[in-house]
Amino acid sequence: MGMSALAYTGTNLEAPHVGDIAIDGDLSEWDLTRCVRIDSEGQIIDQIEHWDGAADCSMELYAMWDEENLYIAMKIFDDTPLVYREGFPLDELDAVIFFLSTDPAADPERTEYTATDWRIVQFADKYKNDFDFFSYIDREMIADPMGWETQGEYGDELVFEDFEGAIVTMEGGIIWESRIALSELSNAQIAPLVPAAGVVIGFDCSILDVDLPCPGIHSLRMQCSAQLDGRDRSPEAYPVDTNPSLWGTLTFVD
Ligand SMILES: [Ca+2]
Ligand SMILES: [Ca+2]
């Protein structure tokens, strides 16, 4: 499949403005009808033979915003959620990956990441009844990351200072609610995203699923924007990690 610029796919997530919200795993503040789903075989971009259907790995994703924050909530359906083991490679664990541009004016046909394109891997590890949150911000594919370098690649760092997360279990999986301050995705050279109703940004999401942390067992990976045929799947053949034009979009609304 030739991978020319797609100028973003048609997959769009509407993110309403939010007033009061508690990051507690209770999604009563959320409009659950505004979501994107990862739940079909066409969205698998790696390890298709390891998918046992929606109860094994699927998700619904929601977003909201205020002037300073991006809120993301997920229902993750997985009969063995949050498989995490310190020191394991990131592609042998359960994780989610968010892809977003903090520049609404970025060219949707760009086929390389720029400093305002973010690939954020998030993990959580349950210890007793608490969760530790970890992030990995991958900037290796960016020619000039403008002073914001890769962080968290060893899987044991939160990376963000102004972040809140909460996870609760539900029938068949988990609910994961989170807030990230938009200032975290900026520095002296990179302006923060300023959301407003009507603004559209490049956005995508990926989920990684492994049922047992065994060395060498790679995670199944599903990508929100993907709609693939056949069973020959690989991240190289659907290179969202290096080509933002394959992402979907997120639209901020009132
Ligand atoms: Ca809540
Ligand atoms: Ca699973």
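Just so it is clear, none of the values below were taken in a lab; they were calculated from the coordinates. Not measured: the values here are computed from a predicted model. Don't worry about glycine lacking a Cβ; one is built from the backbone with ideal geometry, like all the others, and counts go over all protein chains shown.
Summary of computed values
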read-out: Per-residue ³J(HN,Hα) for segment 86-96, Karplus 6.51 cos²θ - 1.76 cosθ + 1.60, θ = phi - 60°, Hz, x for Gly and Pro; value: 4, x, 6, x, 5, 8, 10, 9, 8, 7, 10
read-out: ³J(HN,Hα), Karplus 6.51/-1.76/1.60, whole Hz, each residue of segment 15-27, x for Gly, Pro; value: 10, x, 5, 10, x, 6, 8, 10, 8, 9, x, 9, 9
read-out: Per-residue ³J(HN,Hα) for segment 66-75, Karplus 6.51 cos²θ - 1.76 cosθ + 1.60, θ = phi - 60°, Hz, x for Gly and Pro; value: 9, 4, 10, 9, 10, 10, 10, 10, 9, 9
read-out: Residues Asp125, Asp107, Asp79 arranged by fewest to most Cβ contacts within 10 Å; value: Asp79, Asp107, Asp125
read-out: Overall Cα dimensions of the chain, principal axis frame, Å, largest first; value: 45, 41, 35
read-out: Rounded if a/c under 1.5, otherwise prolate or oblate - segment 1-83, Cα gyration tensor axes; value: oblate
read-out: Length-normalised contact order for segment 124-254 - Cα pairs under 8 Å, 6+ apart - percent; value: 18
read-out: For segment 152-167 versus segment 79-113, the gap between their alpha-carbon centres in whole angstrom; value: 13
read-out: Theoretical gain in end-to-end length, Thr169 to Thr33 [0.36 nm per residue, Cα-Cα removed]; value: 46.9 nm
read-out: Order of Ser245, Ser219 under a 10 Å beta carbon neighbour criterion, fewest first; value: Ser245, Ser219
read-out: Of all DSSP beta bridges in segment 12-253, antiparallel share, percent nearest 5; value: 90
read-out: Ascending count of other beta-carbon atoms within 10 Å, so fewest first, for Asp130, Asp204, Asp138; value: Asp130, Asp138, Asp204
read-out: Total charge dipole magnitude, segment 12-253, about the Cα centre, Cβ charges on Lys, Arg, Asp, Glu only, Debye to nearest 20; value: 340
read-out: Overall Cα dimensions of segment 122-254 - principal axes, largest extent first, Å; value: 41, 41, 33
